[in-house]
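Inspection log for the structure reproduced underneath, given as structure tokens.
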Amino acid sequence: MIVCSCNVLSDGQVRACLNPGPGCPRTPAQVYACLGCSPKCGRCARTIRGILDRALADAHAACTTTCGAACTLKELKEEAA
């Protein structure tokens, strides 16, 4: 699904740049930079934020089953909010 008409970005492209680790984009602006573009009209920022939030929640859920209290993703999510 196209989430940004101005830059013709799909939800798959947004999710593809969300790699685990400290270099993972945490804001829509960082996603644009990761994908080599910049926001134009900005209407897609809310959708990109939603994709980021869901991906982070999914990663956190997976992490809590494997590493429990040692997980740092919760702290990263709080920093991004």
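The phi torsions of the stretch 41-50, fed into the Karplus equation with coefficients 6.51, -1.76 and 1.60 and a -60° offset, translate into couplings of 8, x, 5, 8, 4, 5, 5, 4, 4, x Hz, rounded to whole numbers, with Gly and Pro shown as x. Debye-formula intensities of the stretch 1-60, expressed as log10 I(q)/I(0) at q = 0.13, 0.16, 0.17, 0.26 Å⁻¹, are -0.27, -0.42, -0.47, -1.12 (one equal scatterer per alpha-carbon, no solvent).
Between SER38 and ASP11, the modelled labels are 2.9 nm apart [label points 7 Å from Cα along Cα→Cβ]. Annotation: amide H of VAL3 within the under-5 Å range of LEU9, SER10, ASP11, sequence separation 5 or more or interchain, hydrogens built in the peptide plane.
Our estimate of slack between ARG46 and ALA62, defined as 0.36 nm per intervening residue step minus the Cα-Cα distance, is 3.3 nm.
Over the stretch 1-60, what is the relative contact order in whole percent, taking alpha-carbon pairs under 8 Å and six or more residues apart? Intermediate results must be reported in sequence, preceding the final value.
Values: 54 pairs, mean separation 21.7, N = 60.
That works out to 36 percent.
Backbone geometry of the stretch 24-32 corresponds, through the Karplus equation with coefficients 6.51, -1.76 and 1.60 at θ = phi - 60°, to 3J(HN,Hα) couplings of 5, x, 10, 9, x, 4, 5, 5, 4 Hz, x marking Gly and Pro.
In a reduced charge model with +1 at each Lys and Arg Cβ and -1 at each Asp and Glu Cβ, the stretch 1-60 shows a dipole moment near 180 debye about its Cα centre.
Every number in this text was worked out from the coordinates using simple rules, so none of it is lab data. The structure presented is a predicted model; accordingly, all values stated were derived computationally and were not measured. With ideal geometry, Cβ positions are generated from the backbone for all residues, glycine too; neighbour counts draw on all protein chains shown.
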